[in-house]
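Trainee: For reference, the structure I am asking about is given below.
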Amino acid sequence: MAPSSTPAGPAARPRKARGEGQWALGHREPLNPNERMKKDDNPLHVRARIENIYAKGGFASIDPQDLRGRFRWWGLYTQRKAGIDGGRTAVLEPHELEDEYFMLRVRVDGGALSLAQLRTIAGISQEFGRDSADITDRQNIQLHWIRVEDVPEIWRRLEAVGLQTTEACGDCPRVVLGSPVAGIARDEVVDGTPAIDEILKRYIGDERYSNLPRKFKSQISWLADGPYETNDISFVGVVHPQHGPGFDLWVGGGLSTNPRLAERLGVWVPLEEIPDVWEGVVGIFRDYGYRRLRNRARLKFLLADWGVAKFREILEKEYLGRALIDGPPPELPAKPIDHIGVHKQNDGLNYIGAAPVVGRTSGTQLAKLADVVEEHGSDRVRLTAYQKLLVLDISDDKVESAIAKLRAIGLEARPSSWRRGTMACTGIEYCKLAIVETKARGEELVARLEERLADFDADISIHINGCPNACARTQVADIGLKGQLVMNAHGEQVEGFQVHLGGGLGMAQGQTSGFGRKLRGLKATAEELPGYVEKLARNYLGDRESSQETFA
Ligand code: SF4
């Protein structure tokens, strides 16, 4: 059949294609309020106003454009007002949902903390944050109950020990993930930390890269021991047959409502060239990224439209001015590596990976942790992208004492599978986008399962999310839980979860990582959740043929 003819009349005039707001194609006029806010004044400039005006004038003195826009570039979000149920999240105006207190995200690039840094965060939490502190699944520490009046003093203390909140949130390059065992792992060939440090030095807080279409997530790690396939950019260690050790480049991953795993560009990058290549990819995102609609503004959408070959060509020709070296794929682990337990370092000392429950800790606990670390001759702690932590440099004779002391303060180096594999996002306690409670529910779930299935011996991951945004990586868990309102048996709307089953990351070569299947109609109310997970686990135990068989 022939294509339909063009209709006659004035309405037939060809319509100008709507652009996606890409700067490189000449679309420099903001297409939405968020883009307008960034263009009107670079968000990094808000720091001076916080220090000189808002900290003195208090919450009421804050310009709304700064409050709900630019503050994020300095790690600050208003937190959710207590007592507002999830049913009202989408209905209320932002100012009706928010409190006068802030969440403050401290970026911990590479997850590495010294004792002085740990003590500083603990002190800030106790003095200014009502003792709140969560380890996030991006190796950050998140504090709550922060008042704007206290922010300059908090910055002063953080910066005195080399920490910062610069670009911890906002449409900019966020914390750079690294291996929690960088520099000490026995199977690491090249430590990626110098590249992380160089990126921080050159580009974080740099106005050239502080107005991106949306957030930009990075990871640089020899070992594939983080969520490398869910980042905008990841460098994973690989040995090239001719050129030796270097890093394999992945781009365009992201979860949320249109999940996509990152793809390899098929190039080999030596350690010293990582910052330049990273800058090139951020440059592509800044210039070609879609800015019309925020839900299409992540790098993954551009990659999906361009494909890998075009992306690589633009990177090489327009941003680097040279060809990159073709590279082989890295060897990937058979299952995610969380570093829990006791492991030997490359210098003969040990590191101990320990689990709080769903990343929840406190200033008091972090201060006690610092004491345990020091008492056992160490000065270093690392955070993981699984909401856990590592204590480094423990000699053989001190391992058992360290484990006992960690346990005494609520950090378990020999956790149950449930505690080990469960993560939870911030949820309704503080997050304005949340529909359901997550942290307390996660703690309750772990406790119930430890009680009822104490002998469960398989690796299992349970990721609890308070809304579809998937901050705790809903789609890549054995059991991914997406918070939403569901009907209970009495026909009432209550908090619950849509269940995704069988997702995973970090699969061995030859297999593929993948998203959990969203089972249509499979929903559980929050009340039913422990029983539901227990049933799944019992079915798995009943059906598996050997203890080696994975849950997924
Ligand atoms: Fe908030 Fe939703 Fe992210 Fe959870 S997943 S922290 S509820 S935005």
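Trainee: Could you work out how far the C-alpha centroid of the range 319-390 sits from that of the range 408-467, in angstrom?
Mentor: One Cα centre to the other: 19 Å.
Trainee: Taking the chain as the region of interest, what is the percent of Cα-Cα pairs per 10 angstrom bin, listed from the shortest bin to the one with the maximum distance?
Mentor: Pair shares across the bins are 4, 17, 28, 28, 17, 5, 1, 0, 0.
Trainee: So between HIS490 and ASP287, what do we pick up on full extension, going 0.36 nm a residue minus the alpha carbon distance?
Mentor: 67.9 nm
Trainee: Taking N as the number of residues in the range 373-457, what is its alpha-carbon radius of gyration divided by 2.2 N^0.38 Å?
Mentor: That ratio works out to 1.31.
Trainee: Same structure again: Using only DSSP helix segments of four residues or longer, with each worth -39500 (n - 2.57), what per-residue ellipticity at 222 nm results for the chain after dividing by its residue count and rounding to 500? Could you put the intermediate results ahead of the total?
Mentor: Working: 15 runs with 143 residues, N = 552.
That comes out to -7500 deg cm²/dmol.
Trainee: If you count, for each residue, the other Cβ atoms within 10 Å and average over each peptide, how do 38-46, 417-425 line up from highest to lowest?
Mentor: For the peptides 38-46, 417-425, the packing ranking is 417-425, 38-46.
Trainee: For the range 31-59 and the range 262-299, what is the centre-to-centre distance using only Cα atoms, to the nearest Å?
Mentor: Answer, in whole Å: 26.
Trainee: Additional query: Using only alpha carbons, build the gyration tensor for the range 154-309 and give me the equivalent ellipsoid semi-axes, biggest first, whole Å.
Mentor: Largest first, the range 154-309 gives 24, 22, 13 Å.
Trainee: Can you give the Kirkwood hydrodynamic radius for the range 310-368, in Å, rounded to one decimal and based on Cα pairs?
Mentor: Hydrodynamic radius (Kirkwood, Cα pairs) of the range 310-368 is 16.6 Å.
Trainee: Residues of the range 420-441 with amide nitrogen under 16 Å from the 7 Å Cα-to-Cβ point of ALA447?
Mentor: 438-441, by backbone N distance to the label point.
Trainee: Extension gain GLU149-LYS81, at 0.36 nm per residue separation less the Cα-Cα distance, in nm? Intermediate results must be reported in sequence, preceding the final value.
Mentor: Values: separation 68, 0.36 × 68 = 24.48 nm, distance 1.86 nm.
Going from the current span to full extension adds 22.6 nm.
Trainee: What is the gain in length, in nm to one decimal, between GLN345 and ASP41 on full extension, counting 0.36 nm per residue of separation less the C-alpha to C-alpha distance?
Mentor: Net length gain for the segment: 104.7 nm.
Trainee: Give the Cα extents of the range 147-224 along the principal axes, in whole Å, largest first.
Mentor: Principal-axis extents of the range 147-224 (Cα, largest first): 46, 30, 20 Å.
Trainee: Using a Förster distance of 22 angstrom, determine the FRET efficiency expected from the C-beta separation of ALA24 and ASP276, and round it to 0.05.
Mentor: FRET efficiency, ALA24 to ASP276: 0.70.
Trainee: I would also like to ask the following. Assign unit charges at the C-beta atoms only (+1 for Lys and Arg, -1 for Asp and Glu), then state the dipole size of the range 190-326 relative to its Cα centre in Debye, rounded to the nearest 20. The partial results should precede the final answer.
Mentor: Values: 19 positive and 20 negative charges, 187 e Å.
The calculation lands at about 900 debye.
Trainee: Shifting gears a bit: Going 7 Å from the Cα of VAL161 in the Cα-to-Cβ direction, what parts of the range 351-395 have a backbone nitrogen less than 14 Å from that spot?
Mentor: Residues passing the 14 Å test: 362-374, 379-383.
Trainee: Continuing with this model, one more query. Once you put a point 7 Å from the Cα of LEU541 and another 7 Å from the Cα of ILE325, both along the Cβ direction, what distance in nm separates them?
Mentor: Between LEU541 and ILE325, the label points sit 5.1 nm apart.
Trainee: May I ask for the distance between the Cα centers of the range 207-261 and the range 154-203, given as a whole number of Å?
Mentor: Here the answer is 14 Å between Cα centres.
FYI, it's all coordinate maths here, none of it is from the lab. This structure is a prediction, so every number in the text was calculated from the model and none was measured. Positions of Cβ are backbone-derived with ideal geometry, glycine not excepted, and every protein chain shown enters the neighbour counts.
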